[in-house]
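Engineer: Could you have a look at this structure, given as structure tokens, before my questions?
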Amino acid sequence: MIEKTSASDELVIAIPKGRVLKQLGPRLEAAGLDPSPLFAEGRELIRVDPERRLRYLLLKPDDVPTWVEYGAADLGILGRDVLLERDYDLYAPLDLGIGHCRMMVCGHPGADLRPRGGRALRVATKFPGIAARYFKERGIATELIYVGGSVELAPLTGLADVIVDIVETGATLKANGLVPLENITEISSLVVANRASFALKRNLIAPLLERLAAGGE
Ligand code: PRP
């Protein structure tokens, strides 16, 4: 059983720092919450809304499920890509319909996904789990190369044949002379919940989810 660290009348919400935060602010506001603590200047990683008994944790997006799975946060907001990359024991009760983007195979125009001579396709990615599953299902032998960012550089410099990465506006691909080759999956931002919290704090979580869902209509 996971130890709960938050009070029974308080919700702790893991928030991803970065791109999606800008879109999340208006959604929280539409749900009757006050997002201003999230945007306040300062290096504090815990932001509090005492009036609503909410405590926000500012995290790297990839770390959000860890905090929620262990119960250090009751709820979290994350991209579907993070959930697809690894197995987590979490509920995902709501798709917020923000942070829309696609997970795609990208490369030089006309890049061959079945290189000749029986050689494995070299794939650079921040998402080795998603990439491995995608190519395995298609019977394409790959050599996966993990990179932490600037993934588009890989085909340009000969590190890899193609990349598996997130495409939002397509501007990064275009600026580097690359194109989308195959669509793997659509991504958007989800609310996830710790399983114990979902049961024990249903009185706090259910109305919040309802308001968040209504704010997207
Ligand atoms: C992400 C992603 C692409 C880019 C896609 O990288 O990995 O590189 O955004 O967005 P676009 O289609 O709107 O151009 P991010 O900006 O997070 O930086 P990174 O390269 O350091 O991972």
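The values are calculated or read from the model by the stated rules, or taken from the named source; none is laboratory data. Note that the coordinates shown come from a computational prediction; the quantities given were computed from them, not determined experimentally. Don't worry about glycine lacking a Cβ; one is built from the backbone with ideal geometry, like all the others, and counts go over all protein chains shown. Heavy atoms of the whole protein, side chains included, go into the accessibility calculation; ligands, DNA and RNA do not. Shrake-Rupley method; radii C 1.70, N 1.55, O 1.52, S 1.80 Å.
Engineer: About the Cα centre of the range 131-217, how large is the charge dipole given +1 on each Lys and Arg Cβ and -1 on each Asp and Glu Cβ? Please answer in debye to the nearest 20.
Structural biologist: Values: 8 positive and 10 negative charges, 107 e Å.
Computed about the Cα centre, the dipole is about 520 debye.
Engineer: To continue, here is another question. By how many nm would the segment from ARG119 to ARG211 lengthen if fully extended, with 0.36 nm per residue of separation less the alpha-carbon distance?
Structural biologist: Working: separation 92, 0.36 × 92 = 33.12 nm, distance 5.23 nm.
Extra length from ARG119 to ARG211 when fully extended: 27.9 nm.
Engineer: Summarise the accessible area of the chain (1.4 Å probe, protein heavy atoms) by the percent that is carbon and sulfur. Intermediate results must be reported in sequence, preceding the final value.
Structural biologist: Details: 5910 of 11430 Å².
Result for the chain: 52 percent of the exposed heavy-atom area is carbon or sulfur.
Engineer: Follow-up. Find the accessible area per residue for the range 60-217; the probe is 1.4 Å, ligands and nucleic acids are left out, and the unit is Å².
Structural biologist: On the way: 7880 Å² over 158 residues.
On a per-residue basis, 50 Å².
Engineer: Provide the percentage of antiparallel DSSP beta bridges, counting only those with both residues in the range 101-187; round to the nearest 5.
Structural biologist: Details: 13 of 21 bridges.
The antiparallel proportion sits near 60 percent.
Engineer: Right, here's the next one. So if each residue of separation counts as 0.36 nm, and I subtract the Cα-Cα distance between GLU186 and ALA132, what length gain in nm does that give? Could you put the intermediate results ahead of the total?
Structural biologist: Details: separation 54, 0.36 × 54 = 19.44 nm, distance 1.72 nm.
My answer for the length gained is 17.7 nm.
Engineer: Can I ask one more? Restricting attention to the range 14-77, which chymotrypsin sites (Phe, Trp or Tyr not before Pro) occupy a DSSP loop and are surrounded by at most 14 other Cβ atoms within 10 Å? Write down the numbers at each step before the final one.
Structural biologist: Numbers: sites: PHE39, TYR56, TRP67, TYR70; in loops: TYR70.
Those that pass, being in a loop and sparsely packed, are TYR70.
Engineer: Something else: If r is the Cβ-Cβ distance from ASP34 to TYR88 and R0 is 35 Å, what FRET efficiency results, to the nearest 0.05?
Structural biologist: Values: r = 29 Å, r/R0 = 0.82.
So, using R0 = 35 Å, E works out to roughly 0.75.
Engineer: Taking one equal scatterer on every alpha-carbon of the range 146-188, how large is log10 of I(q)/I(0) by Debye at q = 0.16, 0.18, 0.19, 0.28 1/Å?
Structural biologist: For the range 146-188, the Cα-only Debye profile gives -0.40, -0.51, -0.57, -1.20.
Engineer: Beyond a 28 Å Cα-Cα separation, which of these cross-linked pairs lie in this structure: LYS17/LYS136; LYS17/LYS174; LYS126/LYS174? It would help to have the intermediate numbers written out before the result.
Structural biologist: Values: LYS17/LYS136 32 Å; LYS17/LYS174 26 Å; LYS126/LYS174 19 Å.
The pairs that break the limit, which is 28 Å between Cα atoms, are LYS17/LYS136.
Engineer: Separate question: About its Cα centre, what dipole magnitude does the chain give when the only charges are +1 on Lys and Arg Cβ and -1 on Asp and Glu Cβ, stated in debye to the nearest 20?
Structural biologist: On the way: 27 positive and 29 negative charges, 85 e Å.
Roughly 400 debye for the chain.
Engineer: Over what distance in Å are the Cα centres of the range 1-60 and the range 183-217 separated?
Structural biologist: About 14 Å separates the Cα centre of the range 1-60 from the one of the range 183-217.
Engineer: Moving on. Express as a percent, rounded to the nearest 5, the fraction of DSSP beta bridges in the range 1-80 (both residues included) that run antiparallel. All intermediate terms of the calculation are to be shown ahead of the outcome.
Structural biologist: Details: 4 of 12 bridges.
Given both bridge residues lie in the range 1-80, the antiparallel proportion sits at roughly 35 percent.
Engineer: Using only Cα atoms, find the angle between the long axis of helix 128-137 and the longest principal axis of the chain, and express it within 0 to 90 degrees, rounded to the nearest 10.
Structural biologist: With both axes taken from Cα atoms, the answer is about 60 degrees.
Engineer: Taking trypsin sites (Lys or Arg not before Pro) as candidate sites, keep only those in a DSSP loop with at most 15 other Cβ atoms within 10 Å, then name the longest stretch of the chain containing none of them.
Structural biologist: On the way: sites that count: LYS17, ARG43, ARG53, ARG86, ARG116, ARG119, ARG138.
Maximal segment without exposed cleavage sites: 139-217.
Engineer: How much solvent-accessible surface does THR169 expose, in Å² to the nearest 10, with a 1.4 Å probe and all protein chains in place?
Structural biologist: Near enough 120 Å² of accessible area.
Engineer: Hey, another quick one. Starting at the first residue of the range 44-54, write each ³J(HN,Hα) from the Karplus equation 6.51 cos²θ - 1.76 cosθ + 1.60 with θ = phi - 60°, in whole Hz, x for Gly and Pro.
Structural biologist: For the range 44-54, the Karplus curve yields 5, 8, 10, 10, 10, 10, x, 4, 9, 6, 10 Hz.
Engineer: Further question: Tell me the Kirkwood hydrodynamic radius of the range 168-211 in angstroms, computed as one over the mean inverse distance between distinct C-alpha pairs.
Structural biologist: Values: mean 1/r = 0.0707 Å⁻¹.
About 14.1 Å for the range 168-211.
Engineer: Quick check: pseudo-label points 7 Å beyond the Cα along Cα→Cβ at GLU168 and ASP62, how many nm apart are they?
Structural biologist: It works out to 1.7 nm between the two label points.
Engineer: Among the lysines, which fall within straight-line cross-link reach of LYS201, defined as a Cα-Cα distance under 20 Å, with same-chain neighbours fewer than 8 residues apart omitted?
Structural biologist: Those lysines meeting the cut-off are LYS4.
Engineer: Under 20 °C and 1.002 mPa s, how fast does the range 1-107 diffuse according to Stokes-Einstein, given a Kirkwood radius computed over C-alpha pairs? Answer in µm²/s, whole number.
Structural biologist: Working: Rh = 14.8 Å.
The calculation lands on 145 µm²/s.
Engineer: Full-extension gain between ILE46 and GLU143, please, as 0.36 nm times their residue separation minus the C-alpha to C-alpha distance.
Structural biologist: Numbers: separation 97, 0.36 × 97 = 34.92 nm, distance 4.02 nm.
Result for the pair: 30.9 nm of gain on full extension.
Engineer: Still on this structure, I have one more. Of LEU178, GLY118, THR142, whose Cα points farthest to the positive end of the dipole of the range 118-179 (charges on the beta-carbon: +1 Lys, Arg; -1 Asp, Glu; origin at the Cα centre)?
Structural biologist: GLY118
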